[in-house]
Structure formats: structure tokens, C-alpha cells
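Contents: one structure, followed by commentary.
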Amino acid sequence: MRHLMNPLDFTVGELERLFDLANDIEHNMPRYAHACAGKKLATCFYEPSTRTRLSFEAAMLNLGGSVLGFADADSSSASKGESVADTIRIVSCYADICAMRHPKEGAPLVAAEKSRIPVINAGDGGHQHPTQTLTDMLTIRTLRGRLDHLTIGLCGDLKFGRTVHSLINALSRYEGMRFIFISPDELRIPDYITEMLREKQIPYEEVIRLEDKMPELDILYMTRVQKERFFNEEDYIRLKDFYILNRKKMKLAPADMLVLHPLPRVNEISVDVDDDPRAVYFQQAQFGVYVRMALILTLLDIHVD
């Protein structure tokens, strides 16, 4: 039995097979319509979510399985003081696989250690968000044709952004990568990320102005400033509109640069960018369904002829 806590839980070769499966699902959906008939996915979400939870549910329903679970901690026995370890023991009696989101870092790992079914980390605090990373990687690989020799700019909240941390860790295993971190000083990338890149001799830059680096990018990964991660509302208000990608700034970018965003968007991407063919964040959300379908099949060890 395998779990997914971190994108690094899969080798590069395993990721390639997972993405190949996701691409096959995209083009041959009817073939997979009954692959998980009789199987149940539990979505245990202790923190609010729209895309991730619905994407998991859509993935399992597309595979012919069913879904049960809760959408916030208040509607679970966590409100009565039940531990994550006890919850997963109970969920293991009812479901075949579990997707868990939790505000505390490491909570899904605790669940995995006590679970009798595969557990997928659907986001734990500001730590990891591996299925979003798989979504991002599938999007890049499908639309750019590769996951190596790319210059990737990551912009916005790089301090608390678990999607950013996961993506950098995952892509650091590919050759020829270069990262440009674009953020205000208060939201700069954590030291453990830059230390890892230095150890691997992967080039990176830290800058404040987005406009200065737009012409160099293959991928621009925008993020929102996350209100829920701030202790001080004044700091949030001061920083929330620090970056706004608009049509004028897009004119500085290469013709084949892709704009990704894990969503939800607040103000950091103007709606006038949505019609630009390089803006692929809504397409990215669709890829999230395919990759989660592939992941469910892989962790349940289900093969479709």
C-alpha cells in the first residue's frame, strides 16, 4: 500500500507513467468510466476548499466510484476533539482511499501511519500540496512538451505558498531548471528552499519587480497573498495587491510563455488576461481532474486494458 504525502514520494519515472496515464484518460474518458466501480473515496477536509475537493470528487465519480466525507472540521468529530489518527482508523472501515486536507503541517502523514487505506495529502498548512504540484507538472508537460530546461518565475506569496514549495521541490529533480523568485521581502521564499537549490547547484534569483523578468520566462506561476496565513490584517492589506498581472505586463512576456495559477484568484491576475492564449489557469484546473484520476488508479493498483 502506498500513500502520497509529498511529490518526491514518486520517482521521476513513476511521475512520467502517471502523466502518461493522465493524458490517456484525457483522450479516452469512456474507457475509464467504470474502473473504480464499487470503490469509495473519502474526502476528509479540515480546511475550506473548492477546487481540490471537487476535483477529487469529480475524479472518483468519473471513474465510476462513489464519494463520502466532510468539507470542514466543524462538520466532523474533530469538533468533539477526535484525533486525526482515530478519524482515519474509522474512515478506513468505510472507504478504499482517502484524500485529506488539514491546516496543521504533517497531519496527513500521521493519518497515513495509522491508516489501512491509501492516504493522499490534499494540502497540509503551508507545507505541501502534492496533487496541485502533479496538476501543475501535467499542465506544463502537456502544453510545453517537457519538464526540463525551463525558466520558471514564481510570483507573489512565496513564504506561505505550499503550492510553490511543492512545485520547486518536484521540478528540482529535472535537468536545466532555473527559478526566479518574485516577491516582496516579507513574503520571500523560505531559506530551506534556497539552501536546497544551492546544494543541488540549481540557479535561482530573488527579485522584487515582476516586469524586469517577464521577458526571460517560460512559465509564470502566479499566487495570491493568502489572508488566512497572516496573523496581522494590516500586513495582509498592505501586501495583497503588491502584484497585479495585466495585459500591459503580458506584452513584455515571450509569445509562448504560459501563465499558471493554483487558484483561487483574487486581484493578482486582471480579468483582461483571461482571453490571452498564454493564460492556462482554467485549463490547469481541468488537468487536475485527469491527474487525480490517474493517481487514484495508481494508488488502488487498478489497471484498465
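The values are calculated or read from the model by the stated rules, or taken from the named source; none is laboratory data. From a predicted model like this one, the values you see are computed outputs, not experimental measurements. Positions of Cβ are backbone-derived with ideal geometry, glycine not excepted, and every protein chain shown enters the neighbour counts. Quick note on the areas: whole protein, heavy atoms, side chains included, nothing else; ligands and nucleic acids left out. Shrake-Rupley method; radii C 1.70, N 1.55, O 1.52, S 1.80 Å.
Do any trypsin sites (Lys or Arg not before Pro) in the stretch 141-228 lie in a DSSP loop with no more than 12 other beta carbon atoms within 10 Å, and if so, which?
Values: sites: 141, 144, 146, 159, 162, 173, 178, 188, 198, 200, 209, 213, 224, 227; in loops: 146, 159, 173, 188, 200, 209, 213, 224.
Answer by residue number: 146, 200, 209.
Mind putting a number on the dipole of the stretch 1-85 about its Cα centre? Charges go on the C-beta only, +1 for Lys and Arg and -1 for Asp and Glu, and I need it in Debye to the nearest 20.
280
Can you put 251, 104 in order of accessible area, largest first, using a 1.4 Å probe?
Listed by decreasing accessible area, they come as 251, 104.
Quickly estimate the mean residue ellipticity at 222 nm for the chain, helices only: each DSSP H run with n ≥ 4 gives -39500 (n - 2.57), and the total goes over all residues, rounded to 500.
Values: 10 runs with 111 residues, N = 305.
Mean residue ellipticity at 222 nm (helix-derived): -11000 deg cm²/dmol.
Relative to 2.2 N^0.38 Å, what does the C-alpha radius of gyration of the stretch 1-148 come to as a ratio? Two decimals please.
Normalised by 2.2 N^0.38 Å, the Cα Rg of the stretch 1-148 equals 1.05.
Compute the accessible area per residue over the chain, keeping the other protein chains in place, probe 1.4 Å, unit Å².
I get 44 Å² per residue for the chain.
In whole Hz, with x marking every Gly and Pro, tabulate ³J(HN,Hα) for the stretch 291-301 from phi via Karplus 6.51 cos²θ - 1.76 cosθ + 1.60, θ = phi - 60°.
Each residue of the stretch 291-301 in turn: 6, 6, 4, 4, 5, 4, 4, 5, 6, 8, 6 Hz.
Just read off the accessible area of residue 93 with the full protein assembly in place, 1.4 Å probe, to the nearest 10 Å².
Around 90 Å² of this residue is reachable by solvent.
P(r) of the chain in 20 Å steps, Cα pairs, percent per bin?
The distribution over the chain is 34, 58, 9, given as percents.
With point charges of +1 on the Cβ of Lys and Arg and -1 on the Cβ of Asp and Glu, referenced to the Cα centre of the chain, which listed residue (62, 5, 197) lies farthest in the positive direction of the dipole?
Value: 62.
Mind checking the dipole of the stretch 51-170: about its Cα centre, +1 per Lys or Arg Cβ, -1 per Asp or Glu Cβ, Debye to the nearest 20?
In debye, rounded to 20, the stretch 51-170 gives about 240.
Expressed in whole Å with the largest first, what are the equivalent ellipsoid semi-axes of the stretch 1-70 derived from the C-alpha gyration tensor as the square root of 5 times each eigenvalue?
Equivalent ellipsoid of the stretch 1-70: 21, 19, 12 Å, largest first.
Beyond 18 Å, what share of the Cα-Cα pairs of the stretch 79-137 remains, rounded to the nearest whole percent?
Summing the P(r) tail past 18 Å for the stretch 79-137 gives 33 percent.
Report, in degrees rounded to the nearest 10, the 0 to 90 angle that the Cα long axis of helix 12-27 makes with the longest principal axis of the chain.
So the helix axis and the longest Cα principal axis differ by about 80 degrees.
Tilt of helix 162-171 relative to the longest C-alpha principal axis of the chain, in degrees (0 to 90, nearest 10)?
Compared with the principal axis, the helix lies near 80 degrees.
Which whole-Hz couplings ³J(HN,Hα) result when phi for each residue of the stretch 99-109 is put into the Karplus expression 6.51 cos²θ - 1.76 cosθ + 1.60, θ = phi - 60°, listed in order with x for Gly and Pro?
Once rounded to whole Hz, the list reads 10, 10, 10, 8, x, 9, 4, x, 4, x, 5.
I'd like the carbon and sulfur percentage of the solvent accessible area for the stretch 114-211, probe radius 1.4 Å, heavy atoms only, ligands and nucleic acids excluded.
That fraction is 45 percent.
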